[in-house]
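Data first, discussion second: the structure below is written as structure tokens.
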């Protein structure tokens, strides 16, 4: 079963101190930085990533799409949580979904619908582990 990580964008932005500080002055740059981090994680781990933010516009939309990273904004007036929940309900039977958020209510909801949950701290650890693992694999290949 293919793995998918759904990231509650603002939850992670505000939980990671360096991104929260950046977001305070330059929110677009903070969002781009988070996307870069998640794209590298996807490349090193093979996990597809869906990054979701609270709404901007009359309907939910896909802001950017890479092969392994998709960025969605919920429609105006709708929370990212609602969009994340819809994704989990619709796709939990097809994919092994993990949701990264520090929102306790969101955690309860997505696990009820069949997804796994990780905190912002656990996500950071997963990313660091994946980067170290990739570095070790590359080092091993260079020795051959």
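Structural remarks
- Among the residues of segment 70-96, those identified as assigned to a loop (DSSP other than H, G, I, E, B) and out of contact with any helix residue (DSSP H, G or I) (no Cβ under 8 Å at 6 or more places or on another chain) are 75, 76, 77, 78, 79, 92, 93, 94, 95.
- From 79, 65, residue being modelled with pLDDT under 95 and either crowded, with 21+ Cβ neighbours inside 10 Å or within 30 Å of residue 138 (Cβ to Cβ) (or both): 65
- Residue satisfying all of: in segment 1-21; surrounded by fewer than 19 Cβ atoms within 10 Å (Cβ to Cβ) and over 14 Å from residue 101 (Cα atoms); modelled with the lowest pLDDT among these: 1
- Pairs meeting the criteria (first residue in segment 125-144 and on the phi > 0 side of the Ramachandran plot, second residue modelled with pLDDT of 85 or more and in a helix (DSSP H, G or I), beta carbons under 7 Å, at least 6 apart or on different chains) are lacking.
- Matching residues, segment 109-118, being within 11 Å of the chain's Cα centre (by Cα) and surrounded by fewer than 18 Cβ atoms within 10 Å (Cβ to Cβ): none
- Subset of segment 34-55 [touching a helix residue (DSSP H, G or I) at 6+ places or on another chain (Cβ under 6 Å), surrounded by fewer than 19 Cβ atoms within 10 Å (Cβ to Cβ) and assigned to a helix (DSSP H, G or I)]: 44
- Selection over segment 94-125 of residues that are in contact with a strand residue (DSSP E or B) (Cβ under 7 Å, 6 or more places away or on another chain) and over 19 Å from residue 53 (Cβ atoms) gives a count of 4.
- Qualifying residue in segment 96-108 (condition: surrounded by fewer than 17 Cβ atoms within 10 Å (Cβ to Cβ), under 22 Å from residue 1 (Cα atoms) and modelled with pLDDT of 95 or more): yes
- Residue 59 vs. criteria in a loop (DSSP other than H, G, I, E, B), modelled with pLDDT under 95 and in contact with a helix residue (DSSP H, G or I) (Cβ under 9 Å, 6 or more places away or on another chain): no
The values are calculated or read from the model by the stated rules, or taken from the named source; none is laboratory data. Predicted model, so just to flag it, every value in this text is computed and none were measured. Glycine also receives a Cβ, built like all others from the backbone with ideal geometry; neighbour counts cover every protein chain displayed.
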